[in-house]
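Here's the structure we're looking at; comments come further down.
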Amino acid sequence: MADFEPKIVAFVCNWCTYAGADLTGTSRIKYASNVRIVRFPCTGRIDYMLLLKAFAEGADGIMVSGCHPNDCHYTSGNFHARRRWIMFRSLCDFMGIDTRRIKFSWVSAAEGAKWAEIVNTTVASIRELGPYNEYKLLANKPVKEVTNG
Amino acid sequence: MDDLRKRARELLEIRAVNVVIGYEQGTSGRKRAFFAEKPEDAEKLVFDSTCIQNLASYVTKREIRDKGKIAITATLPVMRSIIQLASEHQVDDNNLLVLGITSESRLIEFSNLAEMETFVHQYQIEIDARHREKLEKLEKMTPAERWKFWIDELTPCFKCYACRAACPMCYCQRCTVDFNQPQWIPVPSHQLGNLEWHIMRAVHLAGRCVDCDACYNACPLGIPLNLLTKKMVEDAKSHFGGYQPVLNGEHLMSTYKPDDKDNFIE
């Protein structure tokens, strides 16, 4: 799997990580181009169903990132999100979904370098894990014909 | 349960309530939900350990609410469900009379929900030993084994949504799976959609499930889907402390603590 290029979807909040990723760019820090960034108003808006959809659509890895605790633009969005992530991640793990492929992080608007580093390490770890074939196989299975017999 | 029949008859005679929700003898030795609206209906009411359906799922139904004053036969899980529903503003304290049944099959009537809450809070929600063992067995497996276990279990699911219908907490007028713009979960029975449905159900019940097993009892295929909600109960307990439905107060998943502990966020 030498030529495997991981597809990674990053769900980030508008106020911190998106601005942080912007800073990475304006600071001319190079980082892996495998990541597709999706901008959300707040980490609290990142629905877990979107994460599942990303896997179903062929993502090999997912990043979720937003403001550090106490820094939420809406005061508490990231705190609520954290509770949900704790439960969701545990459930995914319990159902055998590879949680090593979902990277959660806090990246502030000033942490351009941290963003580059986290993307690079995530890409490297997903590259090592290989494509998420189990989920892709499931998602691409044709629907069995419905019979009335 | 002569007490129950007698009291139900009384309540209906004096028109203190318009309907008493209870159980009656069903087919194949099973008990089913029964709605007594006339005093003589009360004779049909039965109660024993096979009355496992969670009747709280009816109190949010429009057909029942429209009847006005309701009395409901409630075991401990049903009482917990009612408290949770009340805290979510789904039941009206003034329109609901709870005919509680203790674990010793004693009838205990509550004049209001606060009184019932005091009774319910004497008992903790505990996952029983048999299920705890099952959870631990799964937790000890490798992720690949767990994945196989769940895909095998969920593949036959044809999404009849009996689990949803049986659950008192699944009262949304329009469930996410009923939406088609966007179609979050594909309609046909498909492994992906089945997996997504069961994840969604468990997440929506996180912090709210009272562990009554109604979903599992309703499943025509016997899918152990209650293991997912039990896992959520265990997690909520271990991560966020106390797990008990309360009339007034925040739910575990609609609140937070600034120092909630996680071990995976960088």
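The residues of region B:136-150 that are surrounded by fewer than 17 Cβ atoms within 10 Å (Cβ to Cβ) and not basic (Lys, Arg), listed by number, are B:GLU136, B:GLU139, B:MET141, B:THR142, B:ALA144, B:GLU145. In region B:1-118, counting only helices (runs of 4 or more DSSP H) that sit wholly within it, the ones holding 3 or more residues that are β-branched (Val, Ile, Thr) and either outside the structural domain of B:CYS209 (by TED's automatic domain parsing) or more than 27 Å from B:LEU252 (Cα to Cα) (or both) span B:76-87.
There is at least one residue in region B:208-221 that is within 18 Å of the chain's Cα centre (by Cα), part of a helix (DSSP H, G or I) and surrounded by fewer than 18 Cβ atoms within 10 Å (Cβ to Cβ).
Okay, residues lined up against (1) small (Gly, Ala, Ser); (2) closer than 24 Å to B:HIS239 by Cα; (3) at pLDDT 95 or above:
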residue: A:ASN70; (1), (2), (3): no, yes, no
residue: A:ARG89; (1), (2), (3): no, yes, yes
residue: A:PHE104; (1), (2), (3): no, yes, yes
residue: A:GLU117; (1), (2), (3): no, no, yes
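Could we say that A:LYS30 is away from chain B (no Cβ under 12 Å) and either touching a His at 6+ places or on another chain (Cβ under 8 Å) or basic (Lys, Arg) (or both) here? In short, yes. When we screen A:TYR48, A:TYR135, A:TYR74 for residues that are of a type in the set (Phe, Trp, Tyr) and either under 15 Å from the mean Cα position of the chain (by Cα) or at the interface with chain B (Cβ under 7 Å from one of its Cβ atoms) (or both), the only hit is A:TYR48. Restricting attention to region A:77-102 and to residues that are more than 7 Å from every other protein chain (Cβ to nearest Cβ) and small (Gly, Ala, Ser), the residue that is nearest to B:MET141 (Cα to Cα) turns out to be A:ALA81. For region B:11-39, residues that are free of Cβ contacts under 8 Å to residues at least 24 places away in the same chain and not basic (Lys, Arg) total 8.
The values are calculated or read from the model by the stated rules, or taken from the named source; none is laboratory data. This one's a predicted model, so the numbers in the text were calculated from it and none came from an experiment. Note: ideal-geometry Cβ built from the backbone for every residue, glycine included; neighbour counts use all protein chains shown.
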